[in-house]
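The values are calculated or read from the model by the stated rules, or taken from the named source; none is laboratory data. Everything quoted here is computed from the prediction, not taken from an experiment. Virtual Cβ from ideal backbone geometry, glycine too; neighbours counted across all protein chains shown. All accessible areas refer to the heavy atoms of the entire protein, side chains included, with ligands and DNA or RNA removed. Shrake-Rupley method; radii C 1.70, N 1.55, O 1.52, S 1.80 Å.
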Amino acid sequence: MTKATTIYALIDPRDKTQHYIGKTIQNPPQKRLRQHIKNPATDNLSEWVGDLEVNGLKPDLEILET
């Protein structure tokens, strides 16, 4: 059984800019989003997610390709 690869973007809900492009093979994209929020992979991503959280927001997830 082959699993689909999903390419996704994390989008700022305030201005709709892309802040991160990633891919996932084993995890559903929504689960991967929760992982990014809980444990951001980079300092820049951590700062951005933290800023969103302070403002009561979360990144939007956009599927770019499957």
Task: Carbon and sulfur %, accessible surface of the chain computed with the full protein complex present, 1.4 Å - done: 47 percent
Open item on the list: With n ≥ 4 as the cut-off for DSSP H runs, can you work out [θ] at 222 nm for the chain, using -39500 (n - 2.57) per run divided by the number of residues, rounded to the nearest 500?
Closed with: -10000 deg cm²/dmol
Open item on the list: Assuming a strict under-19 Å limit between Cα atoms, what lysine pair count do you get for the chain once near-sequence pairs (fewer than 8 apart, same chain) are dropped?
Closed with: 8
Task: Accessible surface ranking that places the most exposed of Val54, Val49 first, with a 1.4 angstrom probe - done: Val54, Val49
Open item on the list: Below 13 angstrom from the Cβ of Thr6, what's the summed charge of the other residues (Lys, Arg +1; Asp, Glu -1)?
Closed with: +2
Task: Karplus-derived HN-Hα couplings along the range 15-26 (A = 6.51, B = -1.76, C = 1.60, θ = phi - 60°), whole Hz, x at Gly and Pro - done: 10, 6, 7, 7, 10, 7, 10, x, 9, 9, 10, 8
TODO: Figure the gain on full extension for Gln26 and Glu65 (residue separation times 0.36 nm, minus the Cα-Cα span) and round it to one decimal in nm.
DONE: 12.5 nm
- [ ] Would you mind working out the accessible area per residue for the chain, using a 1.4 Å probe, and quoting it in Å²?
- [x] 71 Å²
TODO: Run the dipole for the chain about the Cα centre, Lys and Arg Cβ at +1, Asp and Glu Cβ at -1, nothing else charged, and hand back the magnitude in debye, nearest 20.
DONE: 420 debye
TODO: Mind checking the chain for GluC sites (Glu not before Pro) that DSSP puts in a loop (not H, G, I, E or B) and that have at most 15 other Cβ atoms within 10 Å?
DONE: none
- [ ] With the Cα gyration tensor of the chain in hand, convert its eigenvalues to equivalent ellipsoid semi-axes via √(5λ) and list them largest first in whole Å.
- [x] 22, 12, 9
